[in-house]
1. If each DSSP helix of 4+ residues adds -39,500 (n - 2.57) and the sum is divided by the residues in the chain, what number results at 222 nm, nearest 500 deg cm²/dmol?
2. Under a crude label model (7 Å from the Cα following the beta-carbon direction), how far is residue 17 from residue 163 in nanometres?
3. Mind checking the angle between helix 353-366 and the chain's longest principal axis? C-alpha axes, 0 to 90 degrees, to the nearest 10.
4. Taking 2.2 N^0.38 Å as the expected size of a compact globular protein, what ratio does the Cα radius of gyration of segment 7-74 give against it, to two decimals?
5. Taking R0 as 41 Å, what's the FRET efficiency between residue 342 and residue 192 from their Cβ-Cβ distance, rounded to 0.05?
6. Percent of Cα-Cα pairs more than 27 Å apart in segment 170-366, please.
7. Order of 268, 117 from fewest to most other C-beta atoms within 10 Å?
8. From the convex hull of the Cα coordinates of segment 91-241, what is the mean projected area in square nanometres?
Ligand code: FES
Ligand SMILES: [Fe+2]
């Protein structure tokens, strides 16, 4: 009879007190057990800043954007006085999503499609047809449930923790690095979405391995960046990997030189958002769970205005090559994690520093 560990035993089976050279990685169960995902949804995804929309989708007065992220149905509105607000997109009548997709709230009203209860962009219930005569029914007590919202970079972030420290205050060093590279000059071009058969943390881990896999899995990327000088710096709830452009392999093609420019910055913000900055392009990756062994990844591509269409096409194609290679890795790792033959691995102490950082933050978060 196999011995089944309790959830608490699984949670305790990662020792976060050890330094990187003595530590073991997260145990396989953390990536395969649905109880972990349930706990992560409550403690991680509901209580961290999630970059759910682009500010460019919310420029107009009364515009709104909706979505569902890790079981959080959300709506962000831009009020008539320019205020951004966010709410659970859940009608107070029967729990239907009030609105779907994105658009403009006519007359500033979000009208639930089910029985036409009307909320304004401040989340207040303004009218509820056929509810006259209901006892103790107070419109003021039936507002949409608020979420915290913050604009940072090109994104509107939401957070289920209304007292969360503002993101811009948390990301001080990153703000500085991006200011130095004039982040505002990168303009939105397009998005790409992927569904990957792996736990969301596998995707993160792969991103955070300090470039360890780059020479083996991404030959074309490897030729462009200087792996000898690749480094990872950890800050409180984010880390920055960076690498200068590769000068050693002789002449890079014009596109490659342009693309890498002054070197690349790979910034990761706990728990699931990354920003990759190159010479004249920037892309963001946002990974969210769809199940314990399935995740969704949204890429957004940004380019400086001087980029030609041909350059942009090549650059996105280059990113796709890397992404397809990474998907293959991540899906294969998930097979190994589920096999029962793998318990936990060890960190390469000079390289897998960002991954160790992520695991430490996650363990602290799940054990709070
Ligand atoms: S569920 Fe929204 S009006 Fe009935
Ligand atoms: Fe990769």
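What follows draws every value from the coordinates through simple rules; no lab data is involved. All of these numbers come straight from a predicted model, not from anything done at the bench. Because the Cβ atoms are built from the backbone with ideal geometry, glycine has one as well, and the counts that use them run over all protein chains shown.
1. When only DSSP H runs of four or more count, the value is -8000 deg cm²/dmol.
2. 2.9 nm
3. Around 30 degrees separate the two axes.
4. 1.63
5. 0.85
6. 27 percent
7. Sorted ascending by nearby Cβ count, the order is 117, 268.
8. 14.0 nm²
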